[in-house]
Number of protein chains: 2
Amino acid sequence: MKIIDKEQILAVFDAERITELLKTGFIAYSAHQVQMPPVQHFLFNAAEGDCCIKSAWLEGDDQFVLKVSTGFYRNPEQGLPSNQGLMMAFSALTGEPQALLMDEGWLTALRTALAGRIAAELCAPNKVEAIGIVGTGMQAILQLQQLKAVTDCREVWVWGRHPQHLADFCREAEAAGFQVHTTQNTAELAAYCNLIVTTTPSREPLLQAQDIRPGTHITAVGADATGKQELATALVAKADAILVDAFRQCSEYGEIATAYRQNLLASVPIVEFGAILASGGNVRKEENQITLADLTGLAIQDVQIVKGILAGL
Amino acid sequence: MKIIDKEQILAVFDAERITELLKTGFIAYSAHQVQMPPVQHFLFNAAEGDCCIKSAWLEGDDQFVLKVSTGFYRNPEQGLPSNQGLMMAFSALTGEPQALLMDEGWLTALRTALAGRIAAELCAPNKVEAIGIVGTGMQAILQLQQLKAVTDCREVWVWGRHPQHLADFCREAEAAGFQVHTTQNTAELAAYCNLIVTTTPSREPLLQAQDIRPGTHITAVGADATGKQELATALVAKADAILVDAFRQCSEYGEIATAYRQNLLASVPIVEFGAILASGGNVRKEENQITLADLTGLAIQDVQIVKGILAGL
């Protein structure tokens with residue numbers, strides 16, 4: 001079994017190639033060509049930790065992939081990153097373990113950021129006036145970096161609770177070529193931005209329906225388990241069109257879950273990435289629509305990013 | 001992360017210590033102290049393979065365990081073992097990966113054999129006249145070896161389809177100190193034996209109700225997924241008492257699943273390992289009862305055997 005460390009992984013990471021692989025994966029998922037058992041979840045209450053175990057096989061592939069990702073939110077107190085993780089590839093012909101990717105959670109972070117990029121391709125307004133990033137962590141900066149491939153806009157507003165985290169984000173975003181404004185008020189961010197990405201593990205809505213301008217697209221990345229929610233339910237219900245990675249997951253525990261359960265989305269078109277990518281269409285039908293993308297994360301994304309990394313080694 | 005290979009694992013394997021750990025694990029499981037998400041299953045039809053991914057955390061432990069085990073039934077044609085597998089331990093305090101046990105499926109085989117040993121402790125008749133082993137593979141010989149700790153009986157009947165496999169089994173069983181009879185007729189085996197272990201992946205019943213003598217205990221190890229069945233449904237229904245590792249799994253896809261679905265077990269006491277071990281009782285109430293143990297395999301067993309191996313290193 002090959003053991004591949006984070007440095008080797010980052011050295012061969014190719015955003016363009018992996019974006020194409022992710023699109024293929026989303027299409028295969030929506031076409032029911034992927035075996036993807038329900039996610040295994042753990043909660044470690046005393047340690048404020050959680051873990052999810054995802055696995056998938058794109059039928060016909062020579063390999064299947066397993067991913068373990070954890071979040072322990074007191075780790076930074078000990079100088080450890082909150083998120084840890086690894087991925088493994090096994091032969092779908094003999095069952096033998098083939099590769100262990102000790103990516104320390106990077107591959108999950110990167111494939112999530114690339115899904116945000118694809119969401120923006122499918123939903124963003126033609127003219128992005130400013131990009132809004134809610135959150136200041138690793139996923140926040142990765143999402144911003146990946147949007148450079150989708151829009152020429154280099155003006156960004158970032159929201160965070162902590163001045164120090166905002167300052168850190170600024171430095172990184174400026175190094176990536178952006179002009180950055182910081183705020184501790186999400187309504188101010190929403191007043192300036194019509195392409196917004198929310199990247200927090202919040203359990204309370206950060207953005208309200210009345211804050212959002214017509215023509216805005218929002219990609220919500222944070223809600224990946226029951227109880228997490230970054231957008232007010234009324235804001236979700238106000239969307240003119242919703243893009244989801246997997247209807248089954250998003251309606252159960254994604255950003256749209258509460259609005260869906262309250263039957264507020266009956267007249268809102270909801271489409272999966274794979275369906276819209278297969279048809280070649282666009283989620284946004286008019287420039288002044290509000291669109292929403294809900295990312296819960298699919299194991300087929302892990303399959304595809306592992307494929308991309310192994311092919312580059 | 002420590003990487004531990006099969007030789008290192010087998011060098012520290014201590015059957016007594018791990019049997020005690022398994023008992024503790026079964027008790028914790030039945031007392032609802034174990035987080036054990038539903039098993040992830042894959043089917044690789046073209047390659048005649050399957051995979052299951054199990055994970056568990058005994059609440060309060062410093063680590064949780066993930067296990068991948070595969071069966072690819074054409075592997076022997078290429079000189080590879082059918083079963084492959086590995087286990088991993090992660091910190092339940094920080095999420096960090098701690099140990100990768102490259103056991104090649106041995107730990108699953110061993111913890112299953114030790115569960116068979118515990119089943120025999122709880123169910124076997126006082127006087128074992130002869131042991132019957134249905135199947136000739138690795139699990140067959142491991143089950144036999146582990147029964148040495150439970151009974152003084154050293155006479156064994158083995159059933160198999162292939163003369164060569166029977167001969168191979170004989171050699172190993174004789175080396176372990178048994179007097180061995182071979183047969184290709186399960187009814188003959190059942191006529192001589194009152195402690196029987198079935199170890200095959202059969203999808204058709206191998207033992208019939210009328211073959212079994214009063215006072216016999218049968219441990220059925222093979223059925224661990226929908227469609228597998230080693231015992232006739234009428235034989236399962238004829239049991240006076242049934243021991244299960246997990247009621248939830250056994251009633252869904254274990255040996256007893258068909259009889260349970262057909263509502264044939266309404267008057268048969270069914271008890272979990274953990275419940276009977278906690279109470280200190282015995283499944284068999286009278287010497288002439290027929291008892292049955294159904295093993296589907298629990299991730300808590302993987303947790304406990306990993307704990308036992310890591311403690312021995």
_Amide hydrogen neighbours beyond the local backbone of A:Ile131, cut-off 5 Å, H modeled_ = A:Glu155, A:Val156, A:Trp157
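Taking only C-alpha pairs under 8 Å that are 6+ residues apart, what is the relative contact order of chain A in percent?
With pairs under 8 Å counted, the relative contact order is 21 percent.
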*Where in the range A:96-134 does the label zone of A:Asn282 land, with the point 7 angstrom along Cα→C-beta and an amide N cut-off under 18 Å?*
A:117-130
*Where both partners of a DSSP beta bridge lie in chain B, what percent of those bridges are antiparallel, to the nearest 5?*
45 percent
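Which whole number gives the average count of other chain Cβ atoms within 10 Å of the Cβ atoms across peptide A:52-61?
3
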*Relative contact order for the range A:73-211: what is it in percent, counting Cα pairs under 8 Å that are at least 6 residues apart?*
22 percent
_Just to confirm the numbers: B:Gly177, label point 7 angstrom along the Cα-Cβ line, distances to the other copies in nm, shortest first?_
7.5
*Can you tell me how much longer the chain between A:Asn263 and A:Leu80 gets when fully stretched, taken as 0.36 nm per residue apart minus their C-alpha distance, in nm with one decimal?*
61.7 nm
_DSSP-loop trypsin sites (Lys or Arg not before Pro) across the range B:1-104, with at most 14 other Cβ within 10 angstrom_ = B:Arg74
*asked:* Ordered shortest first, which distances in nm separate the 7 Å Cα→C-beta label point of B:Ala46 from those of the other copies?
replied: 4.8
*Any idea what the A:Glu188 label distances to the other copies are, label 7 Å down the Cα→Cβ vector, nm, shortest first?*
8.9
*Have a look at B:Leu100, B:Leu43, B:Leu142 and tell me which one the Gaussian network model of chain B (Cα, springs below 10 Å) gives the largest fluctuation.*
B:Leu43
*Provide the descending list of Cα extents for the range A:96-212 along its principal axes, expressed in whole angstroms.*
54, 32, 30
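Run through the range B:275-313 and list the trypsin sites (Lys or Arg not before Pro) located in a DSSP loop whose Cβ has at most 12 other Cβ atoms within 10 Å.
B:Lys285
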_Nonlocal amide H pairs with A:Ile218, under 5 Å, H built at 1.01 Å_ = A:Ile196, A:Thr291, A:Leu292, A:Ala293
_DSSP beta bridges in the protein assembly as shown [antiparallel fraction, %, rounded to 5]_ = 45 percent
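Tally Lys and Arg at +1 and Asp and Glu at -1 over the other residues with C-beta under 13 Å from the C-beta of A:Ile309: what net charge comes out?
Here the count lands on +1.
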*Within the protein assembly as shown: Cβ-based charge dipole about Cα centre, in debye rounded to nearest 20 (Lys, Arg +1; Asp, Glu -1)*: 540 debye
*Counting Lys and Arg as +1 and Asp and Glu as -1, what is the net charge of the other residues whose Cβ lies under 9 Å from the Cβ of B:Leu86?*
-1
*Sticking with the crude label model, points 7 Å out along Cα→Cβ, report the distance from A:Ala167 to A:Thr151 in nm, one decimal please.*
2.8 nm
*Under the Karplus relation 6.51 cos²θ - 1.76 cosθ + 1.60, θ = phi - 60°, what is the ordered set of whole-Hz ³J(HN,Hα) values for the range A:102-109, x standing for Gly and Pro?*
8, 8, 6, x, 5, 5, 5, 4
*How many nm is it between the label spots at B:Thr226 and B:Leu43, if each spot is 7 Å from the Cα in line with the beta carbon?*
0.8 nm
_Taking amide H atoms as placed 1.01 Å from N in the peptide plane, list the residues 5 or more away in sequence, or in a different chain, whose amide H sits under 5 Å from that of B:Ala246._
B:Thr296
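What's the longest bit of chain B with no exposed GluC sites (Glu not before Pro), using DSSP loop states and at most 13 other Cβ atoms within 10 Å as the test?
B:49-285
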_Which residue fluctuates most in the GNM of chain A (Cα springs below 10 Å): A:Ala92, A:Ala241, A:Ala275?_
A:Ala92
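Evaluate E = 1/(1 + (r/R0)^6) for B:Leu313 and A:Leu10, where r is the Cβ-Cβ distance and R0 equals 45 Å; express this FRET efficiency to the nearest 0.05.
Working: r = 32 Å, r/R0 = 0.71.
So the FRET efficiency works out to roughly 0.90.
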*³J(HN,Hα) across the range A:275-287 via Karplus (A = 6.51, B = -1.76, C = 1.60, θ = phi - 60°), whole Hz, x for Gly/Pro?*
5, 6, 5, 5, 7, x, x, 9, 5, 6, 9, 9, 5
_For chain A, calculated [θ]222 nm from helices alone, where every DSSP H run of n ≥ 4 adds -39500 (n - 2.57)_ = -10500 deg cm²/dmol
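Once the other residues with Cβ under 14 Å from the Cβ of B:Gln179 are scored (Lys, Arg +1; Asp, Glu -1), what is the net sum? It would help to have the intermediate numbers written out before the result.
On the way: positive: B:Lys148, B:Arg154, B:Arg171; negative: B:Glu129, B:Asp152, B:Glu155, B:Glu172, B:Glu174.
Surrounding charge for B:Gln179 is -2.
For A:Ala234 and A:Gln33, compute 0.36 nm times the residue count separating them, minus their Cα-Cα distance, and round to one decimal in nm. Intermediate values should be presented prior to the final figure.
Details: separation 201, 0.36 × 201 = 72.36 nm, distance 3.47 nm.
Length gained between A:Ala234 and A:Gln33: 68.9 nm.
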*Of the residues B:Thr291, B:Thr183, B:Thr200, which exhibits the maximal mean-square fluctuation in a Gaussian network model of chain B defined by a 10 Å Cα contact cut-off?*
B:Thr183
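The numbers here are math on the coordinates, done by the rules we state, and not lab data. Source: prediction; values computed, not measured. Reconstructed Cβ throughout: ideal geometry from the backbone, glycine too, with neighbour counts over all protein chains shown.
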